[in-house]
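The values are calculated or read from the model by the stated rules, or taken from the named source; none is laboratory data. Predicted model only: the values in this text are computed from it and were never measured. Positions of Cβ are generated from backbone atoms using ideal geometry, with glycine treated the same way; all protein chains shown enter the neighbour counts. Just so you know, the surface numbers come from the protein's heavy atoms only, side chains and all, with ligands and any DNA or RNA stripped out. Shrake-Rupley method; radii C 1.70, N 1.55, O 1.52, S 1.80 Å.
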Amino acid sequence: MSSESFERGAGVPDRAEPVRVLLADDQRLVRESLATLLGLLGKIDLVATASNGEEAVDLVAEHRPEVVLMDLRMPRVDGIEATRRLRERHPDVRVIALTTYADDDSVLGALRAGARGYLTKDASASDIESAILSVAAGDAALDPAVQHAVVAALAEPDAGSVASGGDACSLPDDLTPREAEVLMLIAQGLTNAEIAERLVVSPTTVKSHINHLFAKAGIRDRAQAINYAYRNGLASPPGSGPLREG
């Protein structure tokens, strides 16, 4: 079990109906174990399981789930390619990568393909449930164990086009990589002056970035900015959960 709590879902609105979920994993034992676990979660309705990416894409068309839990390393069609196909054919379906691998290529490959969440298989049942509810509500959900890969990618000068073929790493509300980086630093508790020093820019430039990202995300103050960063997987809460407003 992960030593670092995922802590997601505190701001997710209650739903009258459970979230419809499809599970894709090529290992039968893992697939059946996860299916049993999901069946115990009252807010989740497991509508189908798939043993490879090609089958997952076909079953999505048949069962119309809201969320797909997608293993990445599968035969015939892997999880990244299946995620890419789902983004093209069923853009309303949200994918969470659920995999053993937390290496940078796997993380960024899944996000570039269109995944809205990324969990490692040592996530707890509550982690998985919270991630599904968050993604179904339109948020992102990233395991803290893989956030470093996203942070590193955003810090690259060409982060807006890091994917081969020109696809950008998906960011909420059309934030630019620099705006997302500023947001992450706000979530770390840095002042405008400290952010300016860290990024080697002027405080005026930092203020401009903050004004832009606040406007795009509908944020009014730094408390909301921190909560927004937590909800969208751009920062990890240092304590028991996301900062609550008011």
(message) Return the residues of segment 81-107 that are open to solvent by 50 Å² or more (accessible area, probe 1.4 Å) and in contact with a strand residue (DSSP E or B) (Cβ under 6 Å, 6 or more places away or on another chain); say none if nothing qualifies.
(response) ARG94
(message) Considering only residues that are touching a Ser or Thr at 6+ places or on another chain (Cβ under 9 Å) and not in a strand (DSSP E or B), which ones fall in segment 77-104?
(response) GLY79, ILE80, THR100, TYR101, ALA102
(message) Quick check on this structure: which one of ARG94, ARG85 is in contact with a helix residue (DSSP H, G or I) (Cβ under 9 Å, 6 or more places away or on another chain) and over 20 Å from GLU129 (Cβ atoms)?
(response) ARG85
(request) Give the residue that is least open to solvent (accessible area, probe 1.4 Å), with candidates limited to residues of segment 40-51 that are closer than 14 Å to ILE128 by Cβ and out of contact with any strand residue (DSSP E or B) (no Cβ under 6 Å at 6 or more places or on another chain). (result) LEU41
(message) So, in segment 156-186, how many residues would count as being open to solvent by less than 30 Å² (accessible area, probe 1.4 Å), within 17 Å of the chain's Cα centre (by Cα) and modelled with pLDDT of 80 or more?
(response) 5
(message) Give me the residue from segment 191-228 that is among the hydroxyl-bearing types (Ser, Thr, Tyr) and under 14 Å from GLU179 (Cβ atoms) and, out of that set, surrounded by the fewest Cβ atoms within 10 Å (Cβ to Cβ).
(response) SER208
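Yes or no, residue by residue, for (1) touching a helix residue (DSSP H, G or I) at 6+ places or on another chain (Cβ under 9 Å); (2) surrounded by fewer than 20 Cβ atoms within 10 Å (Cβ to Cβ); (3) at negative phi; (4) not hydrophobic (A, V, I, L, M, F, W, C):
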| position | (1), (2), (3), (4) |
| --- | --- |
| GLY109 | yes, no, yes, yes |
| ASP127 | no, no, yes, yes |
| LEU133 | no, no, yes, no |
| ALA136 | no, no, yes, no |
(message) Checking the structure you have, find out if any residue of segment 29-48 is closer than 24 Å to THR100 by Cβ, in contact with a Lys or Arg (Cβ under 8 Å, 6 or more places away or on another chain) and touching a residue at least 40 places away in the same chain (Cβ under 8 Å).
(response) yes
(message) Need the failing condition index for ASP78 against (1) at pLDDT 85 or above; (2) surrounded by 24 or more Cβ atoms within 10 Å (Cβ to Cβ), just the number.
(response) (2)
(request) Would you check if there is a residue in segment 52-67 being under 27 Å from LEU108 (Cβ atoms), in a loop (DSSP other than H, G, I, E, B) and open to solvent by 60 Å² or more (accessible area, probe 1.4 Å)? (result) no
(request) All but one of (1) touching a strand residue (DSSP E or B) at 6+ places or on another chain (Cβ under 6 Å); (2) at pLDDT below 70; (3) open to solvent by less than 20 Å² (accessible area, probe 1.4 Å); (4) not β-branched (Val, Ile, Thr) hold for ALA145, so report the exception by its number. (result) (3)
(message) Checking the condition under 20 Å from PRO172 (Cα atoms) and part of a loop (DSSP other than H, G, I, E, B), which residue from ALA115, ALA110, ALA131 passes?
(response) ALA115
(request) Name the single residue, out of those in segment 8-25 being of a type in the set (D, E, K, R) and modelled with pLDDT under 95, that is surrounded by the most Cβ atoms within 10 Å (Cβ to Cβ). (result) ARG8
